[in-house]
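Working notes, structure below.
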Amino acid sequence: HAALHNAELDLWPWWGEPIYRNGELVGVTTSSAYSYTLERHVCLGFLSPTNSDGSPVVVTTDFINRGDYEVDIAGQKFPAKAKLYPFSSLFAQQKRRKDDMELSNFQS
C-alpha cells in the first residue's frame with residue numbers, strides 16, 4: 001500500500017532507493033532533490049527490468065507510460081510518476097496557463 005509522502009514528516013529520498021513498477025523491482029534512484037516549483041521531490045533513476053528468465057526487458061515509451069510506480073524510502077513505498085520529457089516543459093505549460101489566465105482576466 002502506497003502512502004502519500006509528507007515532506008515535513010517523512011524521510012527524504014537521497015539516492016539508491018528502489019523503484020517499483022506494478023509491484024516489481026525495476027530500478028533504483030540515482031539522485032533526488034526537492035522542487036519548490038513542483039512542490040514535491042524529483043528523483044532521477046534508471047530502470048533495468050528483467051523477464052522471469054533473467055533476460056532484459058526492452059524499455060519503451062509504452063512500457064514507461066503504462067506502469068504504476070512507487071519509490072521505496074526507508075522501507076515505506078510512496079507513489080511516483082514517471083516522466084519522459086524534461087521538467088522544463090512543465091514550466092512552459094505552467095507559464096502558458098498563467099498567460100492564458102492573465103489574458104482572460106484582461107478580457108473580462
message: I'd like the Karplus ³J(HN,Hα) series for segment 19-36: coefficients 6.51, -1.76, 1.60, θ = phi - 60°, whole numbers in Hz, and an x wherever there's a Gly or Pro.
response: 10, 10, 10, 6, x, 9, 5, 10, x, 9, 6, 10, 6, 7, 7, 8, 9, 6
query: Amide H of Ile73: which non-local residues (sequence gap of 5 or more, or other chain) have their own amide H closer than 5 Å, using H built in the peptide plane?
result: Phe78
message: I need two numbers for segment 1-44: Rg to one decimal and Dmax as a whole number, Cα atoms only, in Å.
response: 11.2, 30
message: Please list 3J(HN,Hα) in residue order for segment 41-57, calculated via the Karplus relation 6.51 cos²θ - 1.76 cosθ + 1.60 where θ = phi - 60°; whole Hz, with x for glycine and proline.
response: 6, 10, 10, 9, x, 10, 9, 9, x, 10, 6, 4, 8, x, 6, x, 8
- line: Full extension between Tyr34 and Phe63 adds, at 0.36 nm per residue less the Cα distance, a length in nm of 7.8 nm
- prompt: Could you give the length gained on full extension between Leu84 and Glu8, defined as 0.36 nm per residue of separation minus the Cα-Cα distance, in nm?
  reply: 24.6 nm
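Just so you know, all these numbers are worked out from the coordinates, no wet-lab data involved. What you see is a predicted model, and the numbers here were worked out from it, not measured in a lab.
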